[in-house]
Amino acid sequence: MYKYFLSWRYMRARRTNLIGVVGIGVGVGALIMILSIMTGFLEETKKSLRGGLSDIILETDQRMFRDGRRVPHSPAPLLEAVRADPRVAGACAQLSWFGMLTQGGSRSAYATEQLADPQKGNLSGVRLFGIDVQDEYQTTELRAALARTPLLGDERVADLDDPFAPPEGYVPDGRPLASCLVGEQLASEWRLRRGSEIWITTALIDAKSGEVHPSDRRFVVAGTFRSGENEMDLQRIYLARAELSDFLGTGREYSQVLVRLKDYERDGTDVQLDFQSTLTQQGLVPRPEFVRTWEDYRRPLLGAIENERVLMAIMLSLVVVVAAFTVFAILSMMVTEKRRDIGILSALGATGPGITGLFVLIGFWDTLLGATGGAILGVLGAVYIDPFERGLSHTIGVEIFNRKVYLFDHIPAIVNPVWVGVIVLGAFVIALLFALVPAWKAGRLHPLDALRYE
Amino acid sequence: MPKVRPVATDSLIAARGIVKSFQIADRTLEVLHGVDLDVKRGELVALMGASGAGKSTLIQVMGLLDRPTSGKVLLDGSDAWELPLAERAALRNRAIGFVFQFYHLLPELNAVENVLLPAMIGNSWSGYKQRAKEFKDRARGMLVKFGLEQRLDHRPAQLSGGERQRVAIARALFLDPKMIIADEPTGNLDSATGERVLELLLTEQHERGVSLLLVTHDERLAAHCQRIVRMEDGRVV
C-alpha cells in the first residue's frame, strides 16, 4: 500500500517531476501529431497520385516485339481485351508526348525564336495528354479535378460533359482552334484564362533518318483543372486524343491504356499478373513489365514520403528517450535526497524490492501523466491542426502552411488509434526502463547507511 | 566450543554470542565480541555505556536492521536472522517498534500519515483499504491521547522536537509490537521536554505491557528502568 501512497505523494511534492511529465508529454504529443499529419499527407498524396493514373497502367510502347511484330496502332483491341475482364470497371486510352508551352505570339516563328534562345524564358516544359473524355471520366479522376474548387482563380470549364467545347465568348481569329485543358498552377503561372490562346511546340524524331522535326500548333484554353498533385497541375495539358495524334502526325493513336478496377485492393496484383501473361501473348503489350500498377509507377515518390514518416518517427522517438532520461535524472536525484526516508521505511518493515517498486511507481506516475496528457494534446493537435495553423498564421502574419505549395486546402491528418497506443506504450516501456536503474539502486541501499545519511 | 547460555522461557528476545565486525581497508574492526542479552516480555531494560561501547550496533542487530557477523537473535524462540528477507521485514514491521533520537519522520507526510506508515507497509492495497477507517481513527486517537489533537494535519517541519518525538512514539506503538527499541529518545530534547516524552513512553510501555530496550547515556533516565545493562568495549559487563 505504501508504495502507491508515497510514490504519488513524492511525485506531487517534488516540482522537478513536472520536467519529466512535461518532457514525456511533449515527446508523445509531438510524435502523435507529426505522425498523424505525415499519414494524412501520405494518404492525400496517394489519392492525388493515383487520381491521374487509375489502378493499372498498360504501356504500349511502339517498339517491336522480339519476333518483329508491333502493337496495334489502334487502342481498340487492347481496350476490348481489358474491358472483357469482369474485374475491370473502366479503361481509357491516352496518347502522351512532351511539348513546350509558349505564349505571346501568333506565329510559329515566335516559338522558333524562343527555342533558339531558352535563356529568354517564357518557356515551360509540358506533358501533353490526348484523351477520350468519357472513357477518361470512367477511369481516372479527371472529372473530379475539373470540378474541384480552384485555389488560384476560377477558370473551370463551362460544361463538364463536354470540356473541350469552345469556351464561351471565344471568337476565333480565323480557323477555330482546338481546345485544351490546362493544370491550374500552369494556368496561374502563365496568367491563362478561359479563351486564352497558347502555342505548343514539340519535336519529333524521324525513326528512319534520325532527324528532329519541330512542330507547333495554337490551342485555346477551355478551362483549368486541379488534381491536387503538383506535377500534374504544373505540367499537364489535356487535349482530345485525335487532336494530339493529328498534331504529332506520326500515326500513333495511343501510348498507354489506363485501367480502373472494381476493387483494386483485392484484385490489383492478380489482375496485373493476369494481364502480364494474357496481353503479351495476344500481342497487345510488348513485355510483361509494361503492365504496372499505379503504386509501381509512383514507388519512388511514395517510398520517399514513407521514408520521411519513418525518419520523423525515429527522430521524435528520441524526444521521448530524452524525456525518459529526465525521469532517470530526477529519480536519481530523488533517491539521493530520500536516502534517510529509505532507511526509515526499511526500519518500519519495507523490503528492498518494495522500495524499488516505490521509485519505479514515481516513474510510472510521471509517464502516466505525461503520456496521457501528451496523447490528448497530440490527438487534439492533429485533429485541430488546420484551424490552429490558420489562427496562428493570422496572428503572426506569416503563412505557416502554404496551401499553394502543397495543393491541399487543409492540412491533412489521420489519427491512427493503433499508433497512438503504440506510442504511449513505447513511452511507458522506455521511461520505466530508465526509472528502473535509480529505483533498483534505492532498493539495494543498506537501511543503516540510509538512516545515517543526513 | 563456547558455551551458549540457555534462553529463559519468559524471554521475548535473546541475543546469543553476537559478534559484529567491520572491514575497514585491510583491517577488521570487531565492535561486538560475543554479546548475550535477554529482554523479557514486558520488561523495561536500559542499555548504557560510553560512546563506542557498541550499544547502537547491538540494538541494530537485535532490531533486525544489521546482520551480525556471527551469533543469533532469538525472537520468540526462533532465529530471526535465519528467516527469509520478506519474513524478516514483516517481523520488523509487526513485532518491533523503533524510536530514534532524530525522530526520523517522513517530511512529506502529516502527523497522522506518519503514524499510519507501519500499517501501510504491512498491508496490501486492498487489505489497507478495508481497514482504512479503523487505522485512521486509531492513529488520530493515539495522537489525541499524546496531546497532539491540534497537530494532526501538521507536517514534521511544523512540529516542535517534543511533538515530533511523540508522533514517532505513536508510530512505533501503532501495530502493537512486542518490543520497542528506543535509541536515545530524549537525546535531542531539552530536559523538560525530554522528561515529558519519557513519561509518555514509560506510561505506554506499562499500559501495553510491551518490552522496552532503552539506549541512553542518562543515569536519571536509566533509573526508571527495571534493569540496567552496561556495555564496555563491545561487551556486556
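Just so you know, all these numbers are worked out from the coordinates, no wet-lab data involved. Here the structure is a predicted model, which is why all the values come from computation and not from measurement. Counting neighbours? That spans all protein chains shown, and the Cβs are built from the backbone with ideal geometry, glycine included.
The mean number of Cβ atoms from other chains found within 10 Å of a Cβ in peptide B:121-132 is 3, as a whole number. Remark: the stretch A:112-241 is approximated by an ellipsoid whose semi-axes, taken from the C-alpha gyration tensor as √(5λ), come to 25, 17, 16 Å, largest first.
If you take the beta carbon distance between residue A:444 and residue A:416 as r and set R0 to 25 Å, what does 1/(1 + (r/R0)^6) give as a FRET efficiency, to the nearest 0.05? Calculated transfer efficiency: 0.05. Taking 19 Å as the cut-off, the amide N atoms of the stretch A:7-40 that come nearer than this to a point 7 Å along the Cα-to-beta-carbon line of residue A:392 belong to A:22-40. Between residue A:402 and residue A:168, the simple label model (points 7 Å from Cα in the Cβ direction) yields a spacing of 3.4 nm. Only Lys, Arg, Asp and Glu carry charge here, each on its Cβ (+1 for the first two, -1 for the last two); on that basis the protein assembly as shown has a dipole of about 2680 debye about its Cα centre.
Dimensions of chain B based on its C-alpha atoms, expressed as ranges along the principal axes with the largest first, amount to 57, 42, 41 Å. In this structure, the amide hydrogen of residue B:44, modeled 1.01 Å from its nitrogen in the peptide plane, lies closer than 5 angstrom to those of B:212, B:226, B:227, counting only residues at least 5 positions away or on a different chain.
Sequence-ordered 3J(HN,Hα) estimates for the stretch B:12-17 from the Karplus curve with 6.51, -1.76 and 1.60 and θ = phi - 60° stand at 8, 9, 9, 9, 10, x Hz, glycine and proline given as x. Listing A:365, A:97 from fewest to most neighbouring C-beta atoms within 10 Å gives A:365, A:97. Over the stretch A:61-285, the pair-distance histogram of Cα-Cα distances with 5 Å bins from zero comes to 1, 6, 13, 17, 17, 15, 12, 9, 5, 3, 0 percent, rounded to whole numbers. When the P(r) of the stretch B:74-123 is calculated, the portion above 13 Å amounts to 66% of the C-alpha pairs. Dividing the convex hull volume of the alpha-carbon atoms in the stretch A:199-300 by its residue count gives 172 Å³ per residue.
Out of B:236, B:122, B:189, whose Cα points farthest toward the positive end of the dipole of chain B (charges: +1 Lys, Arg; -1 Asp, Glu; placed on Cβ)? Working it through, the farthest residue towards the positive pole turns out to be B:122. Placing +1 on each Lys and Arg Cβ and -1 on each Asp and Glu Cβ, with no other charges, gives the stretch A:292-344 a dipole about its Cα centre of roughly 120 debye. Listed from fewest to most Cβ neighbours within 10 Å, the set B:128, A:10 follows the order B:128, A:10. Rg and Dmax, both from the Cα atoms of the stretch B:162-237 and both in Å, are 12.6, 35. For the protein assembly as shown, dividing the convex hull volume of the Cα atoms by the residue count gives 286 Å³ per residue. In this rough spin-label picture, where each label sits 7 Å from Cα along the Cβ direction, the residue A:306-residue A:281 distance is 3.1 nm. Rounded to the nearest 0.05, the FRET efficiency derived from the C-beta distance between residue A:18 and residue A:376 at R0 = 22 Å is 0.85. When the charge dipole of the protein assembly as shown is built from unit charges on Cβ atoms (+1 for Lys and Arg, -1 for Asp and Glu) and taken about the Cα centre, the candidate among A:99, A:37, A:21 whose Cα reaches farthest toward its positive end is A:21. In the stretch A:262-324, Rg over Rh equals 1.32, where Rg is the alpha-carbon radius of gyration and Rh the Kirkwood radius from pairwise Cα distances. Placing unit charges on each Cβ (+1 for Lys and Arg, -1 for Asp and Glu) gives the protein assembly as shown a dipole about its Cα centre, and among A:443, B:200, A:272 the Cα reaching farthest toward its positive end belongs to B:200. Checking the cross-link pairs A:3/A:441; B:40/B:145; B:20/B:72; B:20/B:55; A:47/A:262; A:3/B:145 against a 18 Å limit on the alpha carbon distance flags B:40/B:145; A:3/B:145 as lying beyond it.
3J(HN,Hα) along the stretch A:181-188, derived from phi through the Karplus expression 6.51 cos²θ - 1.76 cosθ + 1.60 where θ = phi - 60°, amounts to 10, 10, x, 4, 5, 5, 4, 5 Hz, with x in place of Gly and Pro.
Taken about its Cα centre, the stretch A:188-255 carries a charge dipole of about 260 debye when Lys and Arg each add +1 at the Cβ and Asp and Glu each add -1 at the Cβ. With a simple spin-label model that places each label point 7 Å from the Cα along the Cα-to-Cβ direction, the separation between residue A:295 and residue B:202 comes to 8.9 nm. Neighbour counts of other Cβ atoms within 10 Å put A:369, B:198 in the fewest-to-most order A:369, B:198. Considering only Cα atoms, the convex hull volume of the stretch A:288-402 works out to 198 Å³ per residue. Residues whose amide H falls under 5 Å from that of residue B:12, counting only those 5 or more places apart or on a different chain, are B:39, B:40, B:41, with hydrogens built in the peptide plane.
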